[in-house]
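Structure record follows, encoded as structure tokens.
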Amino acid sequence: MAEINASIPFDKRLWRQDIAASIAHAAMLGQTGIIDAADAAQISAGLEQISTEYGENGVPVNLSNEDIHMTIEARLTELIGPAAGRLHTARSRNDQVATAFRLWVRDAIDEVSGALTALQTALIARADEYAGTIMPGFTHLQVAQPVTLGHHLLAYYEMFARDAARFDAARHRLNECPLGAAALAGTGFPIDRQMTAKALGFDAPTANSIDSVSDRDFALDYLMAAAACALHLSRLAEEIVIWASQPFGFVTLPDAWSTGSSIMPQKRNPDAAELIRGHTGRITGCLNALMMTMKGLPLAYSKDMQNDKPPVFEAHDLLGLCLTAMTGMIESIDFVPPKMRAAADSGFSTATDLADWLVRDCNIPFREAHHITGSAVKLCEARGCGLAKLGANDLAAIDPRIAGRKLPDLSVEGSVSSRTSYGGTAPERVRQQLAVIKQANHR
Ligand code: ARG
């Protein structure tokens, strides 16, 4: 029973938050006269001492104190005697754990937000460096149209900006204090929930005592945001894996972010990127674990809910590692522009530009232009040349409406610099967008 029941082996991570909540609760009990001011002061001093002890030596794990709440109370009793027994007046472990865990998740969100900002900063710096560097853009992992590396990197910036917004929204929603809901029904003691909420930095107390102790949406919100963020990290990681492989050779990972092989001396493996991709599976699994834990629970608290913490802790630790490693890789990865430039030339990546020119300059409907361009590509394949090598006569032979026209610039440079539409890949657009992003981040 002790083993299956205990959560202290993992919920000891809540000690700071649990002590903070208890100090706020004790102060409120003293202030409202529910307990003597002298007892409140003693409790508070004892809790401060426990905080110092745990900070220095960690939390002692002893299964006879099944969770962090009982572990702290037991130590408080050792330190101050019977007054410790007054701390649990007008509260229950149900509102206590809901409060401590919310505080923990709030701190976790603040950590992730900082890490996301660092990653976004790294992406901005590299995008700035390579705003005009040409690479192939892909669809179906087939060369589609040339783009700039800066534009490609800013695509990830956008994803991480949405992730940051999801974490912000999660933080905003969780910032109500469940303390004072007691077991589930509230309490008959004249508690001041506004006071404890304020002391703990919450915007307000929660409105419904049953919901307060039953709700784990704040943890799910965190995990949903974490899963979305991990998913984006995994896509970027996958690109690094592909780009670092020899047939691509778009990037070289520095020694610090690659590993060798125990048998093949020449290897530089992108292990960190692969592990980010792999950890995403685990983070998503954590979200699923908590959703499955919650889906069948009647109101209010059930002990199943004790299982809310391991997946959140696991996801948070993994996400932190992934964000830090990705930031390190983005900061230091060596891009290889000549390889990217050469690849951009393959696959007739400017075929759309030819079709667009036929529409714009020759007044040919797009569907026909698409067909004519297809014939031009076939001709190039037969000759083993690129589209830019075709002459006016070659094209006029395919369709007479082209006769006598000056052909467009079908180089990848010409293609990229023509894509000036809002949100497009032209270097000048990318630089404008970088300026907008920097301005916004400055505010
Ligand atoms: N260790 C428990 C948890 O994490 C604390 C709440 C216990 N409440 C109860 N009614 N047994 O959920």
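Given the options ALA355, ALA342, ALA315, name the one that is touching a Lys or Arg at 6+ places or on another chain (Cβ under 9 Å), open to solvent by less than 70 Å² (accessible area, probe 1.4 Å), of a type outside the set (Lys, Arg) and more than 16 Å from the ligand (Cβ to nearest atom). Being touching a Lys or Arg at 6+ places or on another chain (Cβ under 9 Å), open to solvent by less than 70 Å² (accessible area, probe 1.4 Å), of a type outside the set (Lys, Arg) and more than 16 Å from the ligand (Cβ to nearest atom) holds for just one of ALA355, ALA342, ALA315, which is ALA315.
Right, ALA83: more than 16 Å from the ligand (Cβ to nearest atom) and more than 23 Å from ALA197 (Cα to Cα) or not? Spelling it out, ALA83 is indeed more than 16 Å from the ligand (Cβ to nearest atom) and more than 23 Å from ALA197 (Cα to Cα). Within region 150-180, the set of residues being more than 16 Å from the chain's Cα centre (by Cα) and either surrounded by fewer than 19 Cβ atoms within 10 Å (Cβ to Cβ) or β-branched (Val, Ile, Thr) (or both) comprises HIS172, ARG173, ASN175, GLU176.
In the set VAL412, VAL436, VAL430, only one residue is in contact with a Gly (Cβ under 7 Å, 6 or more places away or on another chain), over 19 Å from ILE364 (Cβ atoms) and either crowded, with 19+ Cβ neighbours inside 10 Å or modelled with pLDDT of 95 or more (or both); that residue is VAL430. Residue count for region 92-111, restricted to those that are among the basic types (Lys, Arg) and within 13 Å of ASP18 (Cβ to Cβ): 2.
The condition of being farther than 26 Å from PRO190 by Cβ, outside any helix (DSSP H, G or I), out of contact with any strand residue (DSSP E or B) (no Cβ under 7 Å at 6 or more places or on another chain) and charged (D, E, K, R) holds for only one of GLU66, GLU56, that being GLU66. If the condition is being closer than 21 Å to ALA24 by Cα and either touching a Leu at 6+ places or on another chain (Cβ under 9 Å) or within 16 Å of the ligand (Cβ to nearest atom) (or both), then region 60-78 contributes ASP67, ILE68, HIS69, MET70, THR71, ILE72, GLU73, ALA74, LEU76.
Residue by residue, here is whether (1) among the basic types (Lys, Arg); (2) in contact with a strand residue (DSSP E or B) (Cβ under 9 Å, 6 or more places away or on another chain); (3) closer than 15 Å to ILE80 by Cα; (4) open to solvent by less than 10 Å² (accessible area, probe 1.4 Å) holds:
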site	(1), (2), (3), (4)
PHE10	no, no, no, no
TRP15	no, no, no, no
ASP18	no, no, no, yes
GLN31	no, no, no, no
ILE34	no, no, no, no
ALA37	no, no, yes, no
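The C-beta contact set for region 327-343 (first residue closer than 23 Å to ALA272 by Cα, second residue open to solvent by 20 Å² or more (accessible area, probe 1.4 Å) and among the small types (Gly, Ala, Ser), distance under 6 angstrom, 6+ apart or interchain) comprises THR327/ALA118. The C-beta contact set for region 161-186 (first residue within 11 Å of ILE109 (Cβ to Cβ), second residue open to solvent by 80 Å² or more (accessible area, probe 1.4 Å) and modelled with pLDDT of 95 or more, distance under 6 angstrom, 6+ apart or interchain) comprises ASN175/ASP203.
When region 297-312 is filtered for residues that are more than 8 Å from the ligand (Cβ to nearest atom) and surrounded by fewer than 21 Cβ atoms within 10 Å (Cβ to Cβ), the ones remaining, listed by number, are LEU297, PRO298, LEU299, ALA300, SER302, ASP304, ASN307, PRO310.
One line per residue, one yes/no per condition, for (1) open to solvent by less than 40 Å² (accessible area, probe 1.4 Å); (2) in contact with a Gly (Cβ under 7 Å, 6 or more places away or on another chain); (3) within 15 Å of ILE437 (Cβ to Cβ):
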site	(1), (2), (3)
SER113	yes, no, no
LEU116	yes, no, yes
PHE138	no, no, no
ALA144	yes, yes, no
PHE218	yes, no, no
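Cβ-Cβ contacts under 7 Å between residues 6 or more apart (or on different chains), taken from a first residue in region 254-267 that is open to solvent by 100 Å² or more (accessible area, probe 1.4 Å) to a second residue that is among the aliphatic types (A, V, I, L, M), are absent. Of the residues examined, ASP110 is not one that is assigned to a helix (DSSP H, G or I) and over 27 Å from LYS198 (Cβ atoms).
Rundown of residues vs (1) under 26 Å from GLU314 (Cα atoms); (2) more than 32 Å from the chain's Cα centre (by Cα), yes/no style:
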site	(1), (2)
PRO60	yes, yes
THR71	yes, yes
ARG106	yes, no
LEU119	yes, no
ALA122	yes, no
ASP128	no, no
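Condition (residue is open to solvent by 60 Å² or more (accessible area, probe 1.4 Å), within 16 Å of the ligand (Cβ to nearest atom), closer than 27 Å to ASN307 by Cβ and assigned to a helix (DSSP H, G or I)) applied to region 86-106: is it met by at least one residue? Yes, because at least one residue in region 86-106 is open to solvent by 60 Å² or more (accessible area, probe 1.4 Å), within 16 Å of the ligand (Cβ to nearest atom), closer than 27 Å to ASN307 by Cβ and assigned to a helix (DSSP H, G or I).
The values are calculated or read from the model by the stated rules, or taken from the named source; none is laboratory data. None of the values given here were measured: they were computed from a predicted structure. Neighbour counts are summed over all protein chains in view; Cβ atoms, including those assigned to glycine, are modelled from backbone coordinates with ideal geometry. For accessibility, only protein heavy atoms count, side chains too; no ligands or nucleic acids. Shrake-Rupley method; radii C 1.70, N 1.55, O 1.52, S 1.80 Å.
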